[in-house]
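Let me begin by presenting the structure, written as structure tokens, before commenting on it.
The values are calculated or read from the model by the stated rules, or taken from the named source; none is laboratory data. As the structure is a prediction and not an experimental result, all values here were calculated from the model. Heads up, the Cβs are rebuilt from the backbone with ideal geometry, glycines too, and the neighbour counts pull from every protein chain shown.
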């Protein structure tokens, strides 16, 4: 069994930096993360690295980072060495158009997609399945390295048409209930829906340990839940619309503090 | 920080398909532990949020005042619920070696209901505390049902 | 090998009361949920958790299906001699997981 190196991620640091950053931002910024919509018990669950269930996945991801895989027999660590250094800031600026990959050149990918590109092209291993424990573990481990950082989407002009498409998706009505994301998360954020507070919908904490799932999950999974909630057809797992929407959401959350891996109800 | 839940008028519920426990089932389960002994209120603190955002994972801590010496210690903490499919939550065994009779965990609650904690002392006495918890669910989930 | 996260102090003064927290990855399937085919998903839970200090039991807990997935437990113990704290989980489907932490008591 590997022992998670808590090291720099002590309880005090995590609690102080996330809370202080969101408090400071709250003074002038009307935006707030879903963290602040939760009660004190769940916030405490997220803040304690030794009690946050998401950290079980981070621990698994940390082990996978060191594990050689594929016909290239390479581990993530062989190229990227210490994730705390090499992955710092990565989750805060994704989705992005990856440099130096062959498949789907010019298309933006989310963090899971980028990990799978490394997996297939560099490690020569089969891609990890969506929402599989391995993919979630690696995503959580990489995202953790950006915890406390401000969300800073890449200023790549090639991303603009995809981001614009995402903005269009966010604002267009769909499904049997004929609702757009904006109807709930802009117009009615803070109000109650079925006893739950409607969050503003900023993806600051992904991948999240969602209590509803009783496990860790990606933003894609959460967006699919929204589509089901709106009684709309869910998009296939590899549909580029998810990435377009995430591009818009990360831009909308620009400057907010990343608090991955988060706990959410 | 002590927290006692307040009784409220309504709750959103998610009931499993199997039959649910009832206050009677919970009482019977408690009686199996306490027998005919008196169960007195006091000494036990049940720390549980009064309003739960998701019944799948509810943080809960039971603390019992006790000197925790060989002469007088808490030897068990039993927690029960009244509306889940079965009435037990957990049974913890303690000894003076624990120093403090405090146990924390996370539980599942299927519905708004009462949660009861019973502490058993080495002298054969029983003390209890209860909390009423409202359980809500998330609005956008995976299943249409 | 189960995925376990334990928080126990590495050092303690003799007689000091210390807190031990443990998380383990486990679905804790209650046996009361129906799958998408309408059939009940079989129960698969952790039933027992024990903690020993240099072999002597310091805490024991029986879980029911009402314990949440990826179960978390926290309890206290008085620091004895230096040595090893062993945590052990057992449950349905022959599940066994054990984790040891070393502690130095001065």
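Within region A:189-211, work out how many residues are surrounded by 13 or more Cβ atoms within 10 Å (Cβ to Cβ), assigned to a loop (DSSP other than H, G, I, E, B) and over 23 Å from the mean Cα position of the chain (by Cα).
Residues in region A:189-211 being surrounded by 13 or more Cβ atoms within 10 Å (Cβ to Cβ), assigned to a loop (DSSP other than H, G, I, E, B) and over 23 Å from the mean Cα position of the chain (by Cα): 2 in total.
Is there a residue being in a loop (DSSP other than H, G, I, E, B), at pLDDT below 95, within 20 Å of residue C:66 (Cβ to Cβ) and touching a helix residue (DSSP H, G or I) at 6+ places or on another chain (Cβ under 6 Å) anywhere in region B:17-27?
no
Examine region B:111-118 for a residue that is at pLDDT below 95 and within 14 Å of chain A (Cβ to nearest Cβ), and state whether such a residue exists.
Yes.
Run down A:169, A:117 and say which single residue is part of a helix (DSSP H, G or I) and not assigned by TED's automatic domain parsing to the domain that holds residue A:241.
Criteria check complete, one pass: A:117.
Consider residue C:56 carefully, then state whether it is within 11 Å of chain B (Cβ to nearest Cβ), loosely packed, with under 15 Cβ neighbours inside 10 Å, more than 15 Å from the chain's Cα centre (by Cα) and more than 19 Å from residue B:61 (Cα to Cα).
yes
Hey, among A:73, A:52, which residue is outside the structural domain of residue A:190 (by TED's automatic domain parsing) and buried (at least 16 other Cβ atoms within 10 Å of the Cβ)?
A:52
Regarding residue C:80, is this residue more than 14 Å from the chain's Cα centre (by Cα) and over 24 Å from residue B:56 (Cα atoms)?
For residue C:80, the condition - more than 14 Å from the chain's Cα centre (by Cα) and over 24 Å from residue B:56 (Cα atoms) - is met.
Table: residues versus (1) under 19 Å from residue B:110 (Cα atoms); (2) touching a strand residue (DSSP E or B) at 6+ places or on another chain (Cβ under 6 Å); (3) surrounded by fewer than 17 Cβ atoms within 10 Å (Cβ to Cβ).
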site: C:3; (1), (2), (3): no, no, no
site: C:13; (1), (2), (3): no, no, yes
site: C:17; (1), (2), (3): no, yes, yes
site: C:24; (1), (2), (3): no, yes, no
site: C:80; (1), (2), (3): no, yes, no
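Could you check region A:8-41 and list, in sequence order, the residues that are exposed (fewer than 13 other Cβ atoms within 10 Å of the Cβ), at pLDDT 80 or above and part of a helix (DSSP H, G or I)?
A:28, A:40, listed by residue number.
Does region A:72-80 contain at least one residue that is under 27 Å from residue A:157 (Cα atoms) and either part of a helix (DSSP H, G or I) or more than 17 Å from the chain's Cα centre (by Cα) (or both)?
Yes, region A:72-80 contains at least one residue that is under 27 Å from residue A:157 (Cα atoms) and either part of a helix (DSSP H, G or I) or more than 17 Å from the chain's Cα centre (by Cα) (or both).
How many residues are farther than 20 Å from residue A:177 by Cβ, more than 10 Å from chain B (Cβ to nearest Cβ) and in contact with a helix residue (DSSP H, G or I) (Cβ under 7 Å, 6 or more places away or on another chain) if we restrict to region A:209-236?
4
Residues checked against (1) closer than 23 Å to residue B:76 by Cβ; (2) more than 13 Å from chain A (Cβ to nearest Cβ); (3) touching a residue at least 24 places away in the same chain (Cβ under 8 Å):
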| position | (1), (2), (3) |
| --- | --- |
| C:5 | no, no, no |
| C:21 | yes, no, yes |
| C:52 | yes, yes, yes |
| C:87 | yes, no, yes |
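Given the criteria in contact with a helix residue (DSSP H, G or I) (Cβ under 6 Å, 6 or more places away or on another chain), modelled with pLDDT of 95 or more and under 24 Å from residue C:15 (Cβ atoms), does residue B:80 qualify?
Here the answer is no, as residue B:80 does not meet what is asked.
Considering only region C:3-41, state which residues are part of a strand (DSSP E or B) and more than 21 Å from residue C:92 (Cα to Cα).
C:6, C:7, C:11, C:12, C:17, C:18, C:19, C:20, C:21 - these are the residues of region C:3-41 that are part of a strand (DSSP E or B) and more than 21 Å from residue C:92 (Cα to Cα).
Assess whether residue C:33 counts as being within 14 Å of chain A (Cβ to nearest Cβ) and in contact (Cβ under 8 Å) with a residue 12 or more places away in the chain.
In short, no.
Of all the strands (runs of 3 or more DSSP E) wholly in region B:32-126, which have at least 2 residues that are under 20 Å from residue C:22 (Cβ atoms) and in contact with a strand residue (DSSP E or B) (Cβ under 9 Å, 6 or more places away or on another chain)?
It comes to B:58-64, B:74-81, B:88-93, B:101-107.
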